[in-house]
Amino acid sequence: MKKWMAILATTMLVFVALQSCKSKPKDADLQQAATAAVAKITDMGPTPMISVQNGVATLTGEVKDESAKTAFATAVGAVKGITEVNNQLSVMPPPPPTTAPVTVTADDALNTAVAGVLKDFNTAKAEVKDGVVTLTGNLKKTDLPKLMMALNALKPKKIENKLTIQ
């Protein structure tokens, strides 16, 4: 009977030893396989970071959209040995809307310069269109040469004088 007990104990010990020799895939190997699976996905933006612990893969990082988030998680989940996928990927915010470019015309610069000249002549007004300055309003006769000289220095195409001279 002692022999049978010894044989039975030895058999159980061998069985337990064999079971413990059956090793699970190492986390580092699973991480490498998951990274390779994700690398096969193209046109999905940045590749996520992958970490594996006890067969659980965790995905972190920022991806371009929800479909990329799903595609990466699916690819990692398909790796043999991965028991669970913890998808912590975030989706990039959309780019800010583009606005129409501001069109600057030659009249804008001339209009600003004319306004600077007219600040000294508060009774005169000017309109700029296609490089032509049209003067309206009232002005003293003695101020007209000074105004005309300042406006001519701006080199408009033409100055139309519709001022009322006092």
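Every number in this text was worked out from the coordinates using simple rules, so none of it is lab data. These numbers were taken from a predicted model, which means no experiment stands behind them. Every residue, glycine among them, receives a Cβ derived from its backbone with ideal geometry; neighbour counts consider all protein chains shown.
Worth pointing out:
- The listed residue being part of a loop (DSSP other than H, G, I, E, B), in contact with a Gly (Cβ under 9 Å, 6 or more places away or on another chain) and polar (S, T, N, Q), out of Thr47, Thr98, Thr42, Thr103: Thr47
- Filter pass, Val128 being part of a strand (DSSP E or B) and surrounded by 13 or more Cβ atoms within 10 Å (Cβ to Cβ): yes
- Under the condition of being hydrophobic (A, V, I, L, M, F, W, C) and not in a strand (DSSP E or B), the residues counted in region 131-166 number 9.
- The residue of region 69-97 that is nearest to Gln31 (Cα to Cα), among those that are in contact with a strand residue (DSSP E or B) (Cβ under 8 Å, 6 or more places away or on another chain) and of a type in the set (Gly, Ala, Ser), is Gly77.
- Qualifying positions in region 121-145 - over 20 Å from Thr105 (Cα atoms) and free of Cβ contacts under 8 Å to residues at least 24 places away in the same chain: Asn122, Thr123, Lys125, Thr142, Asp143, Leu144, Pro145
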